[in-house]
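J.: I'd like to ask you about the structure that follows.
The values are calculated or read from the model by the stated rules, or taken from the named source; none is laboratory data. Nothing here was measured: the structure is a model prediction, and the numbers come from that model. Quick reminder, even Gly has a Cβ in these numbers, built from the backbone with ideal geometry, and neighbours come from all protein chains shown.
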Amino acid sequence: MYAYLKGTLEEITEDNIVVEVGGVGYNVKVSATTADLLPGLGNEVKIYTYTLVREDALSLYGFLTRDDLEVFRKLITVNGIGPKGGLAILSVMSADALRFAIMAGDAKAIAKAPGVGNKTAERVILDLRDKISLEDTLRGLGEPSQTASGGLSGKASVDNVMKKEAIEALVALGYSASDATNAVKKVEVTNDATVESILKMALKHMF
């Protein structure tokens, strides 16, 4: 129904915001992560929305990027994950971190979301693994990381680029994307790390 809302941010709570557009205030449910990244009250915002229509209610769910919205759409296709569960997962991990967890089969990371148990987390991985591409996962790893204040973490960006290249190298060696992602995730990146050192340490986790 609504592709996005662009207006003035009038109110922020833990899981809901009010955006005024043309004199009308819209209640929009958001994840805790989205709430943390919003500008201050009175500023203009653009929120991409998902509209849920039921017999007794019409609810809007909002996201700062189209990417977050698309990941949310995928999440709510999983049996047992409704809009509330989708927001809960995106409150404890970013869209890119979720892709990484799905590719790596890391149910524990997903199960950290309130109300999401291990079985549900495993169902998310099973249902969405084929819908999440390695390219999507690597794209996120190669982008600069954003802090809660909206700034960019330079070191995190460099680390992610090296992890991305290490995963690509493992896939080129014949390992599956899932195994490669899982192995690289286990590697602790030190200040003097290189792609080669990450690759060597990741290979130790392949056996």
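J.: (1) touching a strand residue (DSSP E or B) at 6+ places or on another chain (Cβ under 8 Å); (2) farther than 18 Å from Asn16 by Cβ; (3) of a type outside the set (Val, Ile, Thr); (4) assigned by TED's automatic domain parsing to the domain that holds Asn16: which one isn't true of Ser59, the others all being true?
T.: (2)
J.: Determine which member of the set Thr77, Thr147, Thr137, Thr51 is exposed (fewer than 14 other Cβ atoms within 10 Å of the Cβ), at pLDDT below 85 and not acidic (Asp, Glu).
T.: After applying the criteria, what remains is Thr147.
J.: Given (1) in contact (Cβ under 8 Å) with a residue 60 or more places away in the chain; (2) over 21 Å from Ser94 (Cα atoms); (3) polar (S, T, N, Q), identify the lone condition not met by Ser31.
T.: (2) is the only condition that Ser31 fails.
Residues checked against (1) surrounded by 18 or more Cβ atoms within 10 Å (Cβ to Cβ); (2) of a type in the set (Val, Ile, Thr); (3) touching a His at 6+ places or on another chain (Cβ under 7 Å):
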| residue | (1), (2), (3) |
| --- | --- |
| Val30 | yes, yes, no |
| Ala35 | no, no, no |
| Gly40 | no, no, no |
| Leu69 | yes, no, no |
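J.: A further question on this structure: Name the single residue, out of those in segment 1-21 being at pLDDT 95 or above and over 23 Å from Ser91 (Cβ atoms), that is surrounded by the fewest Cβ atoms within 10 Å (Cβ to Cβ).
T.: Lys6
J.: Any residue in segment 46-74 that is farther than 14 Å from Tyr2 by Cβ sitting within a Cβ distance under 6 Å of a residue that is basic (Lys, Arg)? List the pairs, counting only those 6 or more apart or interchain.
T.: What qualifies is Lys74/Lys131.
J.: Something else about it: From the set of residues in segment 182-207 that are in contact with a His (Cβ under 8 Å, 6 or more places away or on another chain) and in a loop (DSSP other than H, G, I, E, B), which is surrounded by the fewest Cβ atoms within 10 Å (Cβ to Cβ)?
T.: Looking at residues that are in contact with a His (Cβ under 8 Å, 6 or more places away or on another chain) and in a loop (DSSP other than H, G, I, E, B), I get Lys186.
J.: Among the numbered criteria (1) more than 19 Å from Met103 (Cβ to Cβ); (2) modelled with pLDDT of 65 or more; (3) not in a loop (DSSP other than H, G, I, E, B), which single criterion is violated by Leu126?
T.: (1)
J.: Enumerate the helices (runs of 4 or more DSSP H) found wholly within segment 1-108, keeping only those where 1 or more residues are among the polar types (S, T, N, Q) and touching an Asp or Glu at 6+ places or on another chain (Cβ under 9 Å).
T.: 32-37, 83-92
J.: So, one more: Taking segment 170-179, which residues are more than 9 Å from Ala104 (Cβ to Cβ) and either surrounded by fewer than 16 Cβ atoms within 10 Å (Cβ to Cβ) or within 24 Å of the chain's Cα centre (by Cα) (or both)?
T.: Listed by number, the residues that qualify are Leu170, Val171, Ala172, Leu173, Gly174, Ser176, Ala177.
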